[in-house]
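Written below as structure tokens is the structure these notes are about.
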Amino acid sequence: MAKGGPPPLPTRPLLHGGRRRARLPRLIAIVAILAAPIGVAAAAWLSLDDGGTPRGASTPPLAVGSPAVAAAPDEPREPAPLIEAEPVPEVPLAGVDAFHIHLRKPPRAGLVFDVDTGEVLWRRRPLLELPIASLTKIMTALIAVEGGEPDDPVRITPEALHYSGSGVGLLPRGKRVRFETLLNGMLIVSGNDAAIALAVHLAGSERRFVGVMNRRATQWGLQCTHFASPHGLEDGNRSCARDLAVMTRLAMAEPRIRRIVRRRQVDFRFPIKGHRLYLYGHNPLIRMGYPGAIGLKTGYTDAAGRCFVGVARRGGRRLAVVLLNSRDPAKHAPKLLDAAFAQ
């Protein structure tokens, strides 16, 4: 062995009671102490949800050795507003007509049905999609009575004064008009200005209100119905006799609508000179004094022709007729209803 060199290695390993074995527990303890913070950090990281917790957010501390705690579920998102409605009444087209009738120059499409049961008594192209003119206002009225109360004040905005076609015609710009007065003006004299005023009041704009109309049509399963305005002047307002029958059943189930559409004329206090507004209806059944006539709505444009939904009650039965592009609703409607009541 060279002088000053390292000491010789032991010839036997230290197995029992040797110095290396004595150091082993101490090393394990040191490693455990050093690893503890890393374990805590890992546990905290794993406890986060998939998106992580933003920096600075307060989270409960995790104690060493504490049981794992599942992350709290995310708060449910607020659902989008839904328009709630009664179960949609049916107008089934299965079966045969209860009567046959000859109409000179018949309407392009039509339907006669029982308002209370939905039974179809006569049909002509019930699913043919056509422009419906102011029959559009039946849907506008259905949405209006759900969204507004009779005494709600409605401000007359410039949009309501920039209209074409029929109108109440005396709406005072910037002033407030009672909600139910406008509803009468829309349904009795088919006021396009009143329809616009109600739409803007309820939805903030005509466009948004039309969106509500089309969503409602989808919810009700009105497959041949689409709306382009709350009043129906555009040709994009389209439907079919069957879908209009569904809307008629819904409208005649609403007391406020029933009360309005049976009127031949009405007057209201109004913020104009003279302080009275007089409204005179267009319903041909009511104007001619047809027995039992109780509603509902007329419509006309060049593209749609003369359209009409009429309702009458006799002997406890309520029957309705839908006419689309009729040459003469004042002749067709009574003839069809007479035949239906005779059944």
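Here, each number is a calculation from the coordinates, and none is a lab measurement. This structure is a prediction, so every number in the text was calculated from the model and none was measured. Don't worry about glycine lacking a Cβ; one is built from the backbone with ideal geometry, like all the others, and counts go over all protein chains shown.
Most tightly packed first, judged by the mean number of other beta-carbon atoms within 10 Å of their residues, the peptides 272-281, 125-134 read 125-134, 272-281.
Put simply, the range 80-194 fits an ellipsoid with semi-axes of 35, 19, 12 Å; these come from the alpha carbon gyration tensor as the roots of five times its eigenvalues, largest first.
Projection of the Cα convex hull of the range 181-227, averaged over all directions and equal to a quarter of that hull's surface, yields 3.5 nm².
Extent along the principal axes, Cα only, for the range 138-203: 25, 22, 18 Å, with the longest axis given first. The charge dipole of the range 231-343, taken about its Cα centre with unit charges on the Cβ of Lys, Arg, Asp and Glu (plus for the first two, minus for the last two), comes to roughly 580 debye.
Shown here for the range 88-159: chymotrypsin sites (Phe, Trp or Tyr not before Pro) in loop regions (DSSP other than H, G, I, E, B) with at most 15 other Cβ atoms within 10 Å, namely 99.
The coefficient of translational diffusion for the range 281-343, derived via Stokes-Einstein from the alpha carbon Kirkwood radius under 10 °C and 1.306 mPa s, stands at 136 µm²/s. Pairwise Cα separations in the range 120-255 fall into 5 Å bins from 0 onward with the following percentages, short to long: 2, 11, 22, 24, 19, 12, 6, 3, 1, 0.
Residues within the reach of a label modelled at residue 219 (point 7 angstrom out along Cα to beta-carbon, backbone nitrogen below 11 Å), restricted to the range 119-159, are 143, 146-147.
When we measure straight from the Cα of residue 335, which lysines land under 23 angstrom away, once same-chain ones fewer than 8 places off are left out? Within reach: 105, 297.
The label point for residue 128 and the one for residue 276, both projected 7 Å from the Cα toward the Cβ, are 4.5 nm apart. Charge dipole of the range 142-257 (Cα centre as origin; +1 on each Lys and Arg Cβ, -1 on each Asp and Glu Cβ, all else neutral): 120 debye, rounded to the nearest 20. For the range 193-343, the gyration tensor built on C-alpha atoms gives an oblate shape. Its axis ratio a/c (a ≥ b ≥ c) is at least 1.5, and a/b is not larger than b/c. Diffusion coefficient (Stokes-Einstein, Kirkwood radius over C-alpha pairs, 20 °C, 1.002 mPa s) for the range 227-291: 147 µm²/s, rounded to a whole number. For the range 132-176, the fraction of alpha-carbon pairs lying more than 13 Å apart is 66 percent, rounded to a whole number.
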